[in-house]
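Chemist: This is the structure I have questions about; it appears just below.
Please treat every number below as a calculation from the coordinates, not as lab data. Nothing here was measured: the structure is a model prediction, and the numbers come from that model. Cβ sites come from the backbone with ideal geometry, for glycine too, and all protein chains shown count toward neighbours.
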Amino acid sequence: MTTVEGVVPDGRPGAGAGGAGRGGGRAGRGRRPFAARLAARAGGGVLRIFLVLVALFWLMPSVGLLLSSLRGPQDIAGSGWWRVFAQPAQITWDNYSRLLSDDKVMGSLLTTAAITVPATVLVVVIGSLAGYAFAWMDFPGRDGWFLVVVGLLVVPVQVALIPVAKLFGAVGLFETTAGVVLFHTAFGLPFAVFLLRNFFAEIPRELLEAARLDGAGELRLFTRVVMPLGGPAIASLGIFQFLWVWNDMLVALIFADSGHPPITVALQQEVRQFGNNIDVLAPGAFVSMVVPLIVFFAFQRQFVSGVMAGAVK
C-alpha cells in the first residue's frame, strides 16, 4: 500500500502530526515551579491572617515597652503592662517629662546622633566613590585591592579593639566622639564598597559611554548618572549603617567618652546604678528604639527597591 506524507495507513490525513502536536502539548504543560505556586497562593486569606499574627507577635515587645513607658512606677511594680487595656487611667506622660528633664539621658541622645550621622554619611560617601572606582575605573592593582576589601569583611570587630585602643590612645582619640566615628567608618567601609561596587557594575556600559561622548568627566559621570541610578542601593546602605551605629554598645562602651556616653551606654549605666528606675529606663529605651524605626520607615521605599534590585541582578 502506498502512503503519502501526512497520510497514515488508515486514511486519516495528519493523524500522526496531530498526535505529535497533542503529545508535545501535553509534555509542555507541566506543573508550575514551586516558587510560582507559592506566590500564587500567597494572596489567600489564611496566609494573610497568619502573616498579620506573626507581625503582631514581633511587635508585642515594642508595644509593651511603649505602654510601660506610659505608666507610673507604682503601676509598673504592681502589674504587667497589659493592664493598661483594662485601666486606661494608668497612662501618663510624667515619665517622658522626667526624661526630658534628665540631662544625662538627653545628652546621651545628642552624643548618639553626633556619632551616628557622621559615621553614616562618611561610609555612604566614601563607599560610593570607592565602589564606582572599583566598578568602572582602571588603575593598577584594582582587582587585588578589591580582594583585600572583600577579605576585610571577615575581620571581627573584637580582634581590632585592643590594637585600635592603643592607637587611639597614642594619637589622642581615645574616649572621644571622633574616635568612635572613625572606628565605625573603618569597619563599615568594606561592606559598603563591596555592596556598591557590585551594584554599580550592573549599570549598562553603553549608558556611561554615551555620557562620556557628551563630554562628561568622571566626577560628573558619578554625580549625574551613577548616583541617581544607585539611589536604592545607597539608601539601603545608609539604613543598615545607621541602625548598626545607633544600636552599638560594644564600641561605644570602650571608645566613647565616659562622661558623655551614647544612649546605649547611658541606659546600661542607669540599670547598674539604679536597678528599679524603670520609669526612666522605659521611656529612654523606647526613644532610643523609635528613632531607627522612623529612619527605616522614612526610607522604606528606597530600601525595598534596593533589596529587590539586588535580588533580581
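Chemist: According to the Kirkwood expression over distinct Cα-Cα pairs, how big is the hydrodynamic radius of segment 94-208, in Å?
Modeler: Taking every pair of different Cα atoms in segment 94-208, averaging 1/r and inverting gives 16.7 Å.
Chemist: Work out, step by step, the length gained on full extension between Ile126 and Ala160: first 0.36 nm times the residue separation, then minus their alpha carbon distance; give nm to one decimal.
Modeler: 10.1 nm
Chemist: Quick one: putting +1 on the C-beta of Lys and Arg, -1 on the C-beta of Asp and Glu, what dipole do you get for segment 45-158 around its Cα centre, in Debye to the nearest 20?
Modeler: 320
Chemist: Follow-up question, since we're still on this one. With unit charges on the beta carbons (Lys and Arg positive, Asp and Glu negative) and the dipole taken about the Cα centre of segment 160-275, which residue among Asn247, Ile162, Met227 sits farthest to the positive side?
Modeler: The residue sitting farthest along the positive end of the dipole is Ile162.
Chemist: Can you order the peptides 231-243, 57-69 by their average number of other Cβ atoms within 10 Å per residue, highest first?
Modeler: In decreasing order of mean packing, 231-243, 57-69 become 231-243, 57-69.
Chemist: To the nearest 0.05, how large is the calculated FRET efficiency for Arg212 and Leu147 if R₀ is 35 Å and r is the Cβ-Cβ distance?
Modeler: For Arg212 and Leu147, the calculated efficiency is 0.80.
Chemist: A further question on this structure: Taking the Cβ-Cβ separation of Ala86 and Phe297 as r and a Förster radius of 25 Å, what is the calculated FRET efficiency to the nearest 0.05?
Modeler: In this case the efficiency is close to 0.25.
Chemist: Sticking with this structure for a sec: If you stretched the chain out fully between Glu202 and Ala186, how much longer would it get, using 0.36 nm times the residue separation minus the C-alpha to C-alpha distance?
Modeler: Values: separation 16, 0.36 × 16 = 5.76 nm, distance 2.57 nm.
Gain on stretching Glu202 to Ala186: 3.2 nm.
Chemist: A follow-up question, please. Could you check the simple spin-label distance between Leu229 and Asp257, using points 7 Å along Cα→Cβ, in nm with one decimal?
Modeler: 4.4
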